[in-house]
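Novice: Can you keep this structure in mind? I'll have questions shortly.
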Amino acid sequence: MTQHSSATLRQAPPLSTSGAGLKAGLGWGLLGVAAFSLTLPVTRIAVQDGGLTPLFIGSARAVIAALLAAAALALTRQHFPQRRQWARLALVAGGVVLGFPLLTSFALTTAPASHGAVVIGLLPAATAVAAVLRGHERPPLFFWIMAGAGAAAVLVFAALHGGGLGGLHWSDLLLFGAVAAAAVGYAEGGLLARELGAWQTVSWALVLAAPLMLVLTGVAVVRQPPSGSAGEWMALAYLGVVSMFLGFFAWYRGLAIGPMAQVSQIQLVQPVLTICWAALLIGEQLTWPTVLGGAVVIVCAAVSVRVRLQR
């Protein structure tokens, strides 16, 4: 999810308003969501045996994506952002390059990917809230009710899944932090995308964060030299190449074709896909609390996002 909400991009005009254009937009959007839906299960694969540490995975994936982003920016001869835009790019980088990858990598050392999918399912509504606050909007009370209901549903699910209302684990707190970080990064990134372009915004954020992520990768290597299996290295490659880079191309291409209000709704199927991938790839059991919790979170997120889009 991916955490990748388009709630803040709704003012950009679609590239096509025809029926065929909408189908193309939905197709590209679904391809992006499908790529992002694998992020949590693949992260779980990368961290579960301990050969690659969470710090190494969270930072190295960003380094891989930054190398690809730098190459894309250079080959297409993109102009450098203006001075006032760099501080905002730092906010995007802090949310989607540093915060979300590192927090989810540490959380999934103990939390199942399906559990993480339910918590991360709050991201579309959280991004809409961040966009409302950033854009000084005044949505109706119903928006806040549904966003609050979604947050409450996630909190209750995480507590009960941990063994009771007092059973919240540190991994849940990390996942909540990942949602907050990504929401802020996506909201600011949505605003910047109107000025720099969608994939360009993500690419510049990756390049900006690259020096710090290189340092963190070096620290991780010194503390524990990587000794992962072939499967763990393949998981890391997927996270760097697809989750943090190519997935953005498909997702934002779909949003650009638009209409964004319709295409953005595809993101709400991401938790469902993630739970299914967790069952297929790593054999996680689908329990009724997980299925019902995911359904409640998706409904709350869908209603809150739709209320804001209609505004």
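The values are calculated or read from the model by the stated rules, or taken from the named source; none is laboratory data. All of these numbers come straight from a predicted model, not from anything done at the bench. With ideal geometry, Cβ positions are generated from the backbone for all residues, glycine too; neighbour counts draw on all protein chains shown. Calculation scope for accessible area: heavy atoms of the full protein, side chains included, ligands and nucleic acids excluded. Shrake-Rupley method; radii C 1.70, N 1.55, O 1.52, S 1.80 Å.
Novice: Quick check: pseudo-label points 7 Å beyond the Cα along Cα→Cβ at GLN285 and VAL215, how many nm apart are they?
Specialist: 4.5 nm
Novice: Pop out the carbon and sulfur fraction of the accessible area of the range 25-80 as a percent, whole number, probe 1.4 Å.
Specialist: Accessible surface attributable to carbon and sulfur in the range 25-80 totals 70 percent.
Novice: Kindly report the accessible area of the range 54-205 per residue (heavy atoms of protein chains, probe 1.4 Å, no ligands, DNA or RNA), in Å².
Specialist: 40 Å²
Novice: Still on this structure, please answer the following. Largest first, what is the accessible-area ranking of MET244, MET234 with a 1.4 Å probe? Please report the intermediate quantities before stating the final value.
Specialist: Numbers: MET244 10, MET234 135 Å².
My answer, sorted largest first, is MET234, MET244.
Novice: Turning to a different aspect of this structure: Put VAL272, VAL207, VAL97 in order of accessible area, largest first, 1.4 Å probe: what do you get?
Specialist: VAL272, VAL207, VAL97
Novice: State, to one decimal in nm, how far the label point of SER229 lies from the label point of ARG77, with both points 7 Å from Cα in the Cβ direction.
Specialist: 4.9 nm
Novice: How far is the Cα center of the range 87-149 from the Cα center of the range 48-66, in Å?
Specialist: Between the Cα centres of the range 87-149 and the range 48-66 lies a distance of 21 Å.
Novice: Applying a 10 Å radius around every beta-carbon, put 291-302, 213-224, 69-80 in order of their mean neighbour count, most first.
Specialist: Highest mean packing first, the order is 291-302, 213-224, 69-80.
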